[in-house]
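Working notes for the structure below.
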Amino acid sequence: MPGPPSALKKALIAEGFEIYRNAPTQVTLADRVRDNLLMDSGVAVVHGEGLGVRVVLRAQSSNFPGESGESLFARARGLSAVLVSRGYREIGADAVPVHDPSDRSRTLDTSYEVSYFLAVAEDAALYAELRFALGISKNAER
């Protein structure tokens, strides 16, 4: 895989992936919801000493009124069987507030997110794993 982050980003674009966000150690891929709307896909390439794929599974509290945080984390983890069977491991769980874009002091919702990671050794494996991860359900539904 190319060395600097800009080369990684160019390689991903050349492979047909759309970039949502670029950070020093992570390139987050986009989901194209409509022709003119890109959203965070929950799938990212983690780079640095090695390469890996990070997938975030979510349960929104507004989709499950009255459920506890632990119950919502369990719903997000319930989506992970397909990842775990491929060797992914859980690396974190966070409750992330969703703020009102016009008033950051107001919280509209909370996203209960569980992150998974898989190290990959070569470019072909990385691209295949990214395509797989983009194709799975990452949001708990009622």
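Values in this text are rule-based calculations from the coordinates and carry no lab data. Nothing here was measured: the structure is a model prediction, and the numbers come from that model. Using ideal geometry, Cβ is built from the backbone for each residue, glycine included, and neighbour counts are taken over all protein chains shown.
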What whole-number distance in Å separates the alpha-carbon centres of region 1-50 and region 121-136? 12 Å
When the convex hull of its Cα atoms is projected in every direction, mean area for region 14-133 (nm²): 9.0 nm²
Taking the Cα-to-Cβ direction at Asp103 and at Asp35 and moving 7 Å from each Cα, how far apart do the two end points lie in nm? 3.6 nm
Tilt of helix 5-14 relative to the longest C-alpha principal axis of the chain, in degrees (0 to 90, nearest 10)? 90 degrees
Cα axis of helix 123-135 to longest principal axis of the chain: angle in degrees, 0 to 90, nearest 10? 20 degrees
Only Cα pairs under 8 Å and at least 6 apart count here; give the relative contact order of the chain as a rounded whole percent. 24 percent
Using a 10 angstrom cutoff on alpha carbons, build the Gaussian network for the chain and name the most mobile of Val84, Val55, Val114. Val84
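Just for the chain, what percent of DSSP beta bridges are antiparallel, to the closest 5?
Of the beta bridges lying entirely in the chain, close to 95 percent run antiparallel.
Rounded to two decimals, what ratio of Rg to Rh does region 69-135 give with C-alpha atoms and a Kirkwood Rh?
Dividing the radius of gyration by the Kirkwood radius yields 1.10.
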